[in-house]
Amino acid sequence: MAQMVGTDEIESLRVELAEIGRSIRSSFQRQTSSFRSSSGLSSTKGDADADQDVLQWAAIERLPTFERLRSSLFDKDHDDADGTDNKGKQVIDVSKLGDVERHVFIEKLIKHIGHDNLLLLQKIRNRIDKVGVKLPAVEVRYKNLRVEAECEVVHGKPLPTIWNSLKSILSVQSHVNNCLLLLTEEISYNGYKLREFVPQKTSASISQNDVHIPDMTVREILDFSARCQGVGSWAEVMMEIGKREKEAGIVPDPDIDTYMKAISIEGLKRTLQTDYILKILGLDICADTLVGDALRRGISGGQKKRLTTGESIVGPTKALFMDEITNGLDSSTAFQVVTCLRQLVHITDATVLVSLLQPAPETFDLFDDLILISGGKIVYQGPRDHVLEYFEDCGFRCPERKGVADFVQEVISRKDQAQYWHHTEVPYSYVSVDMFSRKFKESSYGKKLDEELSKPYDKSQSHQIALSFSTYSLSKWELFRACASRELLLMKRNSFIYIFKITQLIIIACITMTVFLRTRMDVDITHANYYMGALFYALIIFVVDGIPELSMTIQRLEVFYKQKAMCFYPAWAYAIPASVLKIPISFVESLVWTSLIYYVIGYTPEAQR
């Protein structure tokens, strides 16, 4: 729950402010006029309540830097012990917001996703611009990017027989698929080459494959992702904003201040950013539902697709590369997701590159720029609004009721291109992709693009905190804690398996006692075979008993490889907790087995053995 500042401190501050004089108090009241209106205070509220708000904010300003960045004014809505209604503001530690408080706060900020989310982001940007703080942005440049692949030609039936394998080895290899990506030296982020920073932490690639742990809920997956990715440059930005606002005597909107401070604290197990992402992606209705898989019922395919997107945008990454993120979504949901991304790009200066499969016209119209690629060559790259003008200059016109997205895909196709030719005085002839590519380079759009890329990026214009120069966002101990916490959660979620394993072990031990009932065996060579047989049988039982662990580990490997590639955590942070937390269960199983069979089989009659 929220933590309040003591009343003694507030009373002492009241006396100090009273001694300062009416002139300073009136200036405080003028600066907090917008604050009082945004916090829902009625115009008939007394001066005492207004002074109380001023005193509370003054209390925050007097705190040390570390505590000030965690303290904010928050709505209180509860009854006192005497039954009187007590509503207003209270000073809280934003890192200690409870689940209900976070949910209510986000519902207050965002009621209508499209409108209120834009309003929230605009308020955040206005606060940042008001004090002259520049948000870190990322500009990605690439030139002469090549994609190559190697694949084997299979002759005959592709069955794994010795003869087919031999023919495949002797066959000639061909390069046909785009599987191997060569990142050349001509790719740069804010003027930095790929080897000069950590691109996996600066950017995020969102695959069209939805890979998640089925035993976790939607909220738990987003919380873990936010915890591992950290807050990026938000902590430095908030520190600079707080410093400049204090110098200028600016009192911010309390709700915006609470939100910005809450998302700038790293290492939290549950964050306000998770509730925000759940809301804008429409996942709040299934936040506490297990993801599920083919055997266990969980969230729908469209919700999994949005969860994959949310897993990346919940972090501080400013460069996002998304591959067909709207597959499986209806047109309304796809429009909502792309709208949120558009707002994020325009207000926070993020860079987002999205590939979509047959987008709806209203979704296509949300994009600023268009990159049209065919056959590995760029046919058009420039403003979306000018693509029709460009193709009309090439001799092709889009019909009135034809979607632009469908038109630009069909106009470069040999089969569908002829229907769009509009130069009746010139006979139509097929325009190949190579010809389109050459025309683009010779056009004003291509020349402008080459001109922009020819100018070297001015590193002094960008903030260094926009890029990540460390592989992981958290310390080694925090990474270990995060992975251990998730592993413990998964063990609790699969507690039935461990209970079943111990129960099964007890039943097998009871059967074993009747088979090896040798309480009067001597310690000699003859009876040693019985002892060895019992020991070998126990060893086999424990090996078989661990097979379910092997199955669960293999199922989670795909998630591990994905998160490791995104630099969520190193391999040791995943492997050590997964092994160490299983040791107590192994001890319990060994103790149960030994307690039941040790004396009955007759290893030794002494109880202490």
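Structure above, values below:
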quantity	calculated
Area accessible to solvent at Tyr537, 1.4 Å probe radius, in Å²	90 Å²
Region 489-561 - charge dipole about Cα centre, Lys and Arg +1 at Cβ, Asp and Glu -1, debye rounded to 20	280 debye
Rounded to the nearest 10 Å², the accessible area of Ser595 at probe 1.4 Å	80 Å²
Listed residue pairs exceeding 29 Å between alpha carbons, taken from Lys111/Lys246; Lys130/Lys304; Lys193/Lys279; Lys318/Lys582; Lys201/Lys455	Lys111/Lys246; Lys130/Lys304; Lys193/Lys279; Lys318/Lys582
For a label point 7 Å along the Cα-to-beta-carbon line of Trp477, residues of region 230-264 with backbone N under 20 Å	230-231
FRET efficiency, 1/(1 + (r/R0)^6) with R0 22 Å, evaluated for Gln200 and Arg342 via beta carbons	0.30
Spacing of the two label points (7 Å from each Cα toward its C-beta) at Ile554 and Glu324, in nm	2.8 nm
Other-chain or far-sequence residues with amide H under 5 Å of Met322's (modelled H)	Ile206, Leu353, Val354, Ser355
FRET efficiency, 1/(1 + (r/R0)^6) with R0 22 Å, evaluated for Val543 and Ile576 via beta carbons	0.45
Given Lys96/Lys305; Lys492/Lys562; Lys441/Lys562, the pairs whose alpha carbons are separated by over 27 Å	Lys96/Lys305; Lys441/Lys562
Environment charge of Leu283, counting only residues whose C-beta is closer than 9 Å and scoring Lys/Arg +1, Asp/Glu -1	+2
Rounded Å value of the spacing that divides the Cα centres of region 436-471 and region 515-571	57 Å
Calculated FRET value between Ile499 and Phe536, using beta carbons and R₀ = 30 Å, to 0.05	0.65
Distant-in-sequence amide H partners of Asp369 (H built 1.01 Å from N, under 5 Å)	Arg384
Lys/Arg +1, Asp/Glu -1 at C-beta; region 424-481 dipole; positive extreme among Ser468, Ser429, Phe440	Ser468
Protein-only accessible surface order, largest first, of Val404, Val580, Val387 at 1.4 Å	Val580, Val404, Val387
Accessible area, probe 1.4 Å, largest first, for residues Glu245, Glu186	Glu186, Glu245
Heavy-atom surface of region 519-583, accessible at 1.4 Å and reported per residue (Å²)	62 Å²
For Gly88, residues with placed amide H under 5 Å, excluding near neighbours	Lys76
Cα lying deepest toward the dipole's positive end in region 346-475, options Cys398, Val352, Pro456, charges on Cβ	Pro456
Residue-wise HN-Hα coupling along region 248-260, computed from phi with Karplus coefficients 6.51, -1.76, 1.60 (Hz; x: Gly, Pro)	8, x, 8, 9, x, 4, x, 5, 5, 5, 5, 5, 5
Estimated inter-spin distance, Ile585 and Arg125, nm [label 7 Å along Cα→Cβ]	4.9 nm
Share of carbon and sulfur in the accessible heavy-atom surface of region 359-483 [1.4 Å probe, %]	50 percent
Point-charge dipole on Cβ atoms (K/R +1, D/E -1) for region 275-392, about Cα centre, debye to 20	440 debye
Relative contact order [Cα under 8 Å, 6+ residues apart], region 351-442, whole percent	26 percent
For Glu389, solvent-accessible area (1.4 Å; no DNA, RNA or ligand), Å²	100 Å²
For region 292-300, Karplus couplings with θ = phi - 60° (6.51, -1.76, 1.60), whole Hz, Gly/Pro x	x, 8, 5, 9, 10, 5, x, 7, 6
Under Karplus coefficients 6.51, -1.76 and 1.60, residue-wise ³J(HN,Hα) of region 231-240 in Hz, glycine/proline x	10, x, 8, 4, 5, 5, 5, 5, 5, 5
Exposure ranking of Arg270, Arg401 by accessible area [1.4 Å probe, largest first]	Arg401, Arg270
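The values are calculated or read from the model by the stated rules, or taken from the named source; none is laboratory data. Since this is a predicted model, take the numbers as computed values, not measurements. Heads up, the Cβs are rebuilt from the backbone with ideal geometry, glycines too, and the neighbour counts pull from every protein chain shown. Only protein heavy atoms, including side chains, enter the accessible area calculation; ligands, DNA and RNA are left aside. Shrake-Rupley method; radii C 1.70, N 1.55, O 1.52, S 1.80 Å.
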